[in-house]
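The next block holds one structure in the form of structure tokens; read it before the comments.
Every number in this text was worked out from the coordinates using simple rules, so none of it is lab data. Since we're looking at a predicted model, the values are computed, not measured. All Cβ positions, glycine included, derive from the backbone under ideal geometry; neighbour counts span all protein chains shown.
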Amino acid sequence: MSLRKYITSKVFLRQVAIALTLVVLLVVLVLNLLSFITNHGQEIIVPNLANMTMDQVEKKLEDLDLDYVVLDTIDYNEEFAKFGVVLQEPKPGSKVKENRKIYLKINNDSYAYVELPDMIEKTFRQVEPNLKVLGLELGEVTYKPYLGKDMVLEMRINGKLVKPGTKVMKTTKIDLVLGDGKIGFEEESQDSLQSNYDKE
């Protein structure tokens, strides 16, 4: 039988049809298998974990077949529970596959400590923004006689004198004693008057 006759024969055409059918079935089987392995179409909506404790997070995510990783604790925020979730990634409402890890940042149990900088003989204008940057609060401001006007002479906490380098908790109120800028001029005026009196 010639090649042309064989190619056009029913036997050859039947074998080609069978082969094509097998290829199509194999492709469909592979696609279904991949869909099953990757849970195609089975997505989980990430819950809002804000303010939940670790026990609550663990139970919630376990029920949803999700996992979690604590990345870090952040500075204490009184709006959240101690060791409660403050930030999460992916965000609430995101769609993920099962066993996906949710990355968390949790609230500390207290404010962090910062080192009190040397603010002595610096002006109030310089000191006030530095306190805010450090997370400290400006307390009572009082004045006493000193040549430098608005120059910081003392730092106090609850009436007690504190030195630069002291570690204090964030949000602590720092009371400042400033110079009133008058003593120099008063002394100069008095000396001038006395000098004029002596000449007379």
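Could you please rank Glu79, Glu128, placing first whichever residue has the fewest other Cβ atoms within 10 Å of its Cβ?
With the sparsest Cβ surroundings first, the list reads Glu79, Glu128.
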Ordering 156-167, 96-107, 55-66 by per-residue average of other C-beta atoms within 10 angstrom, highest first, gives 96-107, 55-66, 156-167
Within the set of other residues whose C-beta is less than 15 Å from the C-beta of Glu89, count the net charge using Lys and Arg as +1 and Asp and Glu as -1. +3
Debye log10 I(q)/I(0) for the stretch 46-107, one point scatterer per Cα, at q = 0.12, 0.15, 0.25, 0.26 Å⁻¹: -0.25, -0.39, -1.02, -1.10
If I model a spin label at Glu78 and Asp109 as a point 7 Å from the Cα along the Cα→Cβ vector, what separation in nanometres do I get? 2.0 nm
Multiplying the sequence separation of Lys97 and Glu154 by 0.36 nm and subtracting their Cα-Cα distance, what value in nm do you get? 14.6 nm
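What are the semi-axes of the equivalent ellipsoid for the stretch 121-185, taken as the square roots of 5 times the Cα gyration tensor eigenvalues, largest first, in whole Å? Please report the intermediate quantities before stating the final value.
Details: eigenvalues 96, 29, 16 Å².
Semi-axis lengths for the stretch 121-185 are 22, 12, 9 Å.
Could you work out the relative contact order of the stretch 46-107? I mean the mean sequence separation of Cα pairs under 8 Å and 6+ apart, divided by the number of residues, in percent. If you can, show how the numbers build up before the last one.
Numbers: 111 pairs, mean separation 29.3, N = 62.
Contact order relative to length: 47 percent.
By the scheme Lys and Arg +1, Asp and Glu -1, what is the net charge of all other residues having a beta-carbon under 13 Å from that of Val57?
Working: positive: Lys59, Lys60, Lys101, Lys105; negative: Asp55, Glu58, Glu62, Asp63, Asp67.
Overall, the nearby charge balance is -1.
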